[in-house]
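Enquirer: Just passing along the structure, written as structure tokens.
The values are calculated or read from the model by the stated rules, or taken from the named source; none is laboratory data. Quick caveat, the model's predicted, so the values are computed rather than measured. Glycine also receives a Cβ, built like all others from the backbone with ideal geometry; neighbour counts cover every protein chain displayed.
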Amino acid sequence: MQKRMSESYTVKTSNVMPPDTNSHHTLYGGRLMEYIDDVASIAARRHSRAKVVTASIDSVDFLEPINLGDVVILESMVTHTGNSSMEILVKISKETLDNDCERKLAAFSFLTFVALDDDYKPLQVPTLIADNERLKWLGETGKERSEHRRHRRERSKALREFFATDLLD
């Protein structure tokens with residue numbers, strides 16, 4: 001089975017209110033990560049039509065502070081698939097709703113989700129069809145990002161032994 005990338009496209013928009021901000025009056029990184037995981041999980045579910053779990057977050061690259069009073073817009077979509085895994089891109093923009101109504105790219109992140117069946121075992125997901133040339137490039141470069149994640153996961157497994165004891169021991 002195949003699905004278009006656009007079928008998983010998901011948008012989340014939120015006001016940045018005082019409880020969402022730190023002492024610099026910018027959006028807490030942890031709050032943004034919560035939003036990222038939420039919108040990415042919806043895109044993964046839309047693609048797989050199954051239960052999903054977050055397998056990894058590659059990084060969150062913060063490019064612009066998101067300030068108190070801004071609107072934060074998160075756009076997500078499945079950009080690459082494996083057998084049961086899905087890579088999700090989340091593009092984060094900020095928008096000021098004053099006279100300028102300026103929108104800027106504030107951050108982006110790639111996450112990996114795994115689809116699960118009713119017994120919580122990995123479930124095969126549909127392959128992807130790119131809707132246009134830009135999305136085709138994302139899909140083609142997804143294999144390289146997937147390989148990078150595989151190497152990082154192997155290093156993490158090796159570090160598991162290191163972290164098995166207290167750091168000060």
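Enquirer: How many of the residues in segment 5-41 are free of Cβ contacts under 8 Å to residues at least 12 places away in the same chain and under 13 Å from the mean Cα position of the chain (by Cα)?
Expert: 1
Enquirer: Still on this structure, please answer the following. When the residues of segment 46-63 are filtered to those that are within 26 Å of K104 (Cα to Cα) and of a type in the set (V, I, T), which remaining residue is farthest from the chain's Cα centre (by Cα)?
Expert: V60
Enquirer: Just to check your reading of the model, which residue among L138, L116 is at pLDDT 95 or above and among the aliphatic types (A, V, I, L, M)? Outline the logic, then answer.
Expert: Details: L138 fails: at pLDDT 95 or above.
Answer to the check: L116.
Enquirer: Let me confirm something: among L168, L159, which residue is farther than 30 Å from N15 by Cβ and in a loop (DSSP other than H, G, I, E, B)? Walk me through how you get there before you give the answer.
Expert: Numbers: L159 fails: in a loop (DSSP other than H, G, I, E, B).
Result of the check over L168, L159: L168.
Here is a yes/no grid of residues against (1) among the aromatic types (F, W, Y); (2) buried (at least 16 other Cβ atoms within 10 Å of the Cβ):
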| residue | (1), (2) |
| --- | --- |
| A44 | no, yes |
| H47 | no, yes |
| T54 | no, no |
| F62 | yes, yes |
| T81 | no, yes |
| I88 | no, yes |
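Enquirer: If G69 satisfies all but one of (1) assigned to a loop (DSSP other than H, G, I, E, B); (2) free of Cβ contacts under 8 Å to residues at least 40 places away in the same chain, what's the number of the condition it fails?
Expert: Result: G69 passes all but (2).
Enquirer: Looking at S85 and the list (1) at pLDDT 95 or above; (2) out of contact with any strand residue (DSSP E or B) (no Cβ under 9 Å at 6 or more places or on another chain), which single condition is not satisfied?
Expert: Of (1) at pLDDT 95 or above; (2) out of contact with any strand residue (DSSP E or B) (no Cβ under 9 Å at 6 or more places or on another chain), only one is false for S85: (2).
Enquirer: Among all residue pairs at least 6 apart or on different chains, which show Cβ distances below 6 Å where the first residue, located in segment 42-54, is on the phi > 0 side of the Ramachandran plot and the second is at pLDDT 95 or above?
Expert: Correct list of pairs: empty, since none qualify.
Enquirer: Please go through segment 111-142 and give me each residue that is out of contact with any helix residue (DSSP H, G or I) (no Cβ under 7 Å at 6 or more places or on another chain) and among the polar types (S, T, N, Q), ordered by number.
Expert: The answer is Q124, T127, N132, T141.
The rows are residues; the columns are (1) in contact with a strand residue (DSSP E or B) (Cβ under 9 Å, 6 or more places away or on another chain); (2) outside any helix (DSSP H, G or I); (3) at pLDDT below 95.
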{"position": "S23", "(1), (2), (3)": "no, yes, no"}
{"position": "Y35", "(1), (2), (3)": "yes, no, no"}
{"position": "R45", "(1), (2), (3)": "yes, no, no"}
{"position": "V53", "(1), (2), (3)": "yes, yes, no"}
{"position": "S59", "(1), (2), (3)": "yes, yes, yes"}
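Enquirer: Go through segment 112-139 and count every residue that is outside any loop (DSSP other than H, G, I, E, B) and either crowded, with 18+ Cβ neighbours inside 10 Å or touching a residue at least 40 places away in the same chain (Cβ under 8 Å) (or both). Explain how you work it out, then say what you get.
Expert: Within segment 112-139, the subset outside any loop (DSSP other than H, G, I, E, B) is 112-116, 122, 127-129, 133-139.
Keeping just the survivors that are either crowded, with 18+ Cβ neighbours inside 10 Å or touching a residue at least 40 places away in the same chain (Cβ under 8 Å) (or both) gives 112-116, 127-129, 135, 138-139.
Total satisfying the criteria: 11.
Enquirer: I'm told V78 meets every condition in (1) at pLDDT 95 or above; (2) farther than 30 Å from T26 by Cα; (3) not polar (S, T, N, Q) except one. Can you identify the failing condition by its number?
Expert: Failing condition for V78: (2).
Enquirer: Every residue in segment 96-107 that is surrounded by 11 or more Cβ atoms within 10 Å (Cβ to Cβ) and at pLDDT below 95, please.
Expert: Taking segment 96-107 as the starting set, the residues that turn out to be surrounded by 11 or more Cβ atoms within 10 Å (Cβ to Cβ) are 96-97, 102-107.
Within segment 96-107, T96, L97, E102, R103 qualify.
Enquirer: Taking segment 1-16, which residues are outside any strand (DSSP E or B) and exposed (fewer than 11 other Cβ atoms within 10 Å of the Cβ)?
Expert: M1
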